[in-house]
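Structure first, then comments.
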Amino acid sequence: MRFILTALLAGFLFGAGLTISMMTDPARVLGFLDIFGAWDPTLAFVMAGALAIYMPIYQFYIKPRGRTIFNEPCQLPEKKQVDQPLITGAILFGLGWGLSGICPGPGLANLSGGQPAIYVFILTMLLGMIGATMYQKK
Amino acid sequence: MLPSDWIQGFAGGMLIGAGAIVLMLFNGRIAGISGITASALTQFKQSAWRWAFLVGLIAAPLVTALAGFTLPENIPASLPTMAVAGLLVGIGTRIGSGCTSGHGICGLSRWSLRSLFATLIFMGTAVLTVSIVRHVM
């Protein structure tokens, strides 16, 4: 139960931050990616704000102990090397992000907005995730 | 485009960072939206926290709307483009083990080399894609 409440709070803060920072608006995201047009640097400030909170708490508190506040082990990725799937996946993701201006967090946060374009994006995104996961498990 | 937007962006970013670090401090988990979503759908055991996180994420804009922070009214891309983009994002984030949150925020903060490469590559590809769509085609 404790895990469910803290995850709910985390998701809520994350979604509120996405909306307040305007990163739920694909026009703003595309404006950041359009460096040869009327460049909109807002997304860089959003990233800076997120890193300003996460990095020091992670580096000074979590990293030395590897455990949560409740002294339970953190589940961190074990893979360290840059491999072909990482590169291929990042390229495919970048293509989709550049075409739409939407990545998974803002896409999901937009679900209550009632936009058909968002429903279509989320539907094919979930199909892609499920398909890729099943393929990887084979 | 105004500097006041940059302050609002930074403040919103701090909230995003706070949400992500809450998940690490209390649940010991990386706040990677693509990983959480994919695992919630494909792995039913011990996924209750994932569904709770997603409920919070999706419900949050309904609450921020009360303070005037609303979701966009216009989505620039067409429906077919959105369908293709969604598929690419879904497949790409699984093969590449993460998206803007897991690699971009958590991974960079953890000084992960994999996440640094992933972030540079997906940002670079997205910049290239937008440049071609807007200035070449």
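Here the helices (runs of 4 or more DSSP H) wholly within the stretch A:57-138 that include at least 3 residues being without any contact (Cβ under 8 Å) to a residue 60 or more places away in the chain and not hydrophobic (A, V, I, L, M, F, W, C) are A:84-100, A:116-137.
Here is a yes/no grid of residues against (1) open to solvent by less than 10 Å² (accessible area, probe 1.4 Å); (2) over 20 Å from B:Asn74 (Cα atoms); (3) at pLDDT 95 or above; (4) within 7 Å of another protein chain (Cβ to nearest Cβ):
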position	(1), (2), (3), (4)
A:Met55	no, yes, yes, yes
A:Gln59	no, yes, yes, no
A:Lys79	no, yes, no, yes
A:Val82	no, yes, yes, yes
A:Phe93	yes, yes, yes, yes
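Do the conditions hold for A:Phe70, that is, is it surrounded by 18 or more Cβ atoms within 10 Å (Cβ to Cβ), farther than 19 Å from B:Gly104 by Cα and either among the hydrophobic types (A, V, I, L, M, F, W, C) or more than 7 Å from chain B (Cβ to nearest Cβ) (or both)? When the stated conditions are applied, A:Phe70 does not pass them. When residues in the stretch A:25-53 are screened for being of a type in the set (Val, Ile, Thr), at the interface with chain B (Cβ under 7 Å from one of its Cβ atoms) and surrounded by 21 or more Cβ atoms within 10 Å (Cβ to Cβ), 3 of them pass.
Look at B:Ser97 and say whether it is open to solvent by 40 Å² or more (accessible area, probe 1.4 Å) and either part of a loop (DSSP other than H, G, I, E, B) or free of Cβ contacts under 8 Å to residues at least 40 places away in the same chain (or both). Yes; evaluated as a whole, the condition is true for this residue. Total residues in the stretch B:100-112 satisfying the condition of being outside any helix (DSSP H, G or I) and open to solvent by less than 30 Å² (accessible area, probe 1.4 Å): the figure is 1.
Please verify whether B:Leu116 is in a helix (DSSP H, G or I) and more than 7 Å from chain A (Cβ to nearest Cβ), treating the condition exactly as stated. Yes, satisfied.
The single condition among (1) crowded, with 21+ Cβ neighbours inside 10 Å; (2) assigned to a helix (DSSP H, G or I) that A:Met22 does not meet is (2). For beta carbons closer than 6 Å, sequence separation of 6+ or different chains, a first residue in the stretch B:31-46 that is facing another protein chain (nearest Cβ under 7 Å) and a second that is surrounded by fewer than 24 Cβ atoms within 10 Å (Cβ to Cβ) and modelled with pLDDT of 95 or more, the qualifying pairs are B:Leu41/A:Ile130.
The values are calculated or read from the model by the stated rules, or taken from the named source; none is laboratory data. Fair warning: this is a prediction, and the values are worked out from it, not measured in the lab. Every residue, glycine as well, gets a Cβ built from its backbone with ideal geometry; the counts of neighbours run over all protein chains shown. Heavy atoms of the whole protein, side chains included, go into the accessibility calculation; ligands, DNA and RNA do not. Shrake-Rupley method; radii C 1.70, N 1.55, O 1.52, S 1.80 Å.
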